[in-house]
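Notes to accompany the following structure.
The values are calculated or read from the model by the stated rules, or taken from the named source; none is laboratory data. Predicted model only: the values in this text are computed from it and were never measured. Every residue, glycine among them, receives a Cβ derived from its backbone with ideal geometry; neighbour counts consider all protein chains shown. Only protein heavy atoms, including side chains, enter the accessible area calculation; ligands, DNA and RNA are left aside. Shrake-Rupley method; radii C 1.70, N 1.55, O 1.52, S 1.80 Å.
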Amino acid sequence: MVFGVAAVVVMLLTFDVSPAQIADMLRRTGIIFPLCVLLWLVIYIMNAVSWRVIINHNGDEKVPFGPVFRMTISGFALNYTTPFGLMGGEPYRILELTPYTGVERATGSVVLYVMMHIYSHFWFWMSAVVLYVILHFAAPGKYLLPVSFIIAFVLFAAVFVLMLYLFGKGYRNGFLLKFLRFLGKFPLIGKPITRFTDNNIRKISDTDNQIANLHACGKSAFFWSLFLEFAARAAGCLEYWLIMCNLVPQSTYFDAYLIVAFSSLFSNILFFIPMQMGSKEGSVAMASSGLAIGGPVGLFTALVTRVREAIWIIIGVVLMFCNKKRTCERTDI
């Protein structure tokens, strides 16, 4: 909680724009900005339902939606503000979920949800590749992307197909133990990872069994969770479309879809940057220029979403206190 509060303070002190510029941006967006904030409430609900499906698919005791929803928002808030992303929010979710399910089930469900979150990312990026090909050949000359960008797009598409295959294989057989064994072969990190793996071999195997069980015995839960995660990403594109329409009325939802897909890919490549500072704005401006919408429009859109992001990060940090109180009450019981 202390780290979360400190991260918010640092974020506000190092923000890209001044308070006066923020006020001017919000004035120009009008009713659209509060709509975007509410839209993300819906998106977080979808994320929470997706995670709860995974948590409850193979357990006698059902975890209620309220705690899962609060942990979802707080977990994402920590991921946004922590370098390396998952190093912050996911351990927090395990700690908070443990009193409800036990440590092994909590760890397994968080690992499964992270896999699903990443898996839906690759499906989202792959769908953007297909969408770009359809729009590019259906309306030649509309999207003025350079040849080098198209080549990179094809290479990334090949990587996406490979990753979808590897994720599918990992879901069928489990992957955690094999992945840790693979990391154990690297210098510097190899010995501590191997030692950790040997000391926790049973727990790691149990987590792998949970991964394989979700795909083999809980197919409805698996596909429902995947659908919700993918739908949440598609819904997130509405935010960019609403903001861009206010400045460029001829922009379409599909433009926003491609922009979000490219910017999220670029930001995930630079995953070690807290809050994606600079990488998000630059990638959105680059993609907007390539789609003939204009770099300044993309930059403005990214800055508005940054303000919305800051609001939800603050909400997530505040909810951490609620999570702590609920967890203590449950532990006492």
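Residue 275 meets each of the listed conditions (1) touching an Asp or Glu at 6+ places or on another chain (Cβ under 9 Å); (2) assigned to a helix (DSSP H, G or I); (3) at pLDDT 70 or above; (4) not acidic (Asp, Glu) apart from (3). Please go through region 256-267 and give me each residue that is under 11 Å from residue 301 (Cβ atoms) and either in contact (Cβ under 8 Å) with a residue 60 or more places away in the chain or touching a Cys at 6+ places or on another chain (Cβ under 9 Å) (or both), ordered by number. Across region 256-267, the qualifying residues are 256, 259, 260. Determine, yes or no, whether residue 161 is assigned to a helix (DSSP H, G or I), of a type outside the set (Phe, Trp, Tyr), at pLDDT 80 or above and more than 30 Å from residue 31 (Cα to Cα). It is true that residue 161 is assigned to a helix (DSSP H, G or I), of a type outside the set (Phe, Trp, Tyr), at pLDDT 80 or above and more than 30 Å from residue 31 (Cα to Cα).
Just one of the numbered conditions (1) touching a Ser or Thr at 6+ places or on another chain (Cβ under 7 Å); (2) surrounded by fewer than 14 Cβ atoms within 10 Å (Cβ to Cβ); (3) hydrophobic (A, V, I, L, M, F, W, C) is not true of residue 204: (2). Residues in region 196-236 that are assigned to a helix (DSSP H, G or I) and free of Cβ contacts under 8 Å to residues at least 24 places away in the same chain: 196, 197, 198, 199, 202, 219, 220, 223, 227.
For (1) open to solvent by 30 Å² or more (accessible area, probe 1.4 Å); (2) in contact with a His (Cβ under 8 Å, 6 or more places away or on another chain); (3) closer than 18 Å to residue 307 by Cβ; (4) modelled with pLDDT under 85, each residue gets a yes or a no:
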| site | (1), (2), (3), (4) |
| --- | --- |
| 241 | yes, no, yes, no |
| 249 | yes, no, no, yes |
| 260 | no, no, yes, no |
| 270 | yes, no, no, yes |
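Quick check on my filter: what residues within region 24-80 are surrounded by fewer than 22 Cβ atoms within 10 Å (Cβ to Cβ), among the aromatic types (Phe, Trp, Tyr) and farther than 16 Å from residue 307 by Cβ? Listed by number, the residues that qualify are 44, 65, 69. Residues satisfying the criterion are absent from region 120-130 (criterion: assigned to a helix (DSSP H, G or I), modelled with pLDDT of 85 or more, touching a Ser or Thr at 6+ places or on another chain (Cβ under 6 Å) and surrounded by 17 or more Cβ atoms within 10 Å (Cβ to Cβ)).
For residue 227, state whether it is open to solvent by 50 Å² or more (accessible area, probe 1.4 Å), modelled with pLDDT of 80 or more and not acidic (Asp, Glu). It is true that residue 227 is open to solvent by 50 Å² or more (accessible area, probe 1.4 Å), modelled with pLDDT of 80 or more and not acidic (Asp, Glu). Scan region 22-58 residue by residue and report those that are at pLDDT 90 or above and of a type in the set (S, T, N, Q). Once the filter is applied, which keeps residues that are at pLDDT 90 or above and of a type in the set (S, T, N, Q), region 22-58 yields 47, 50.
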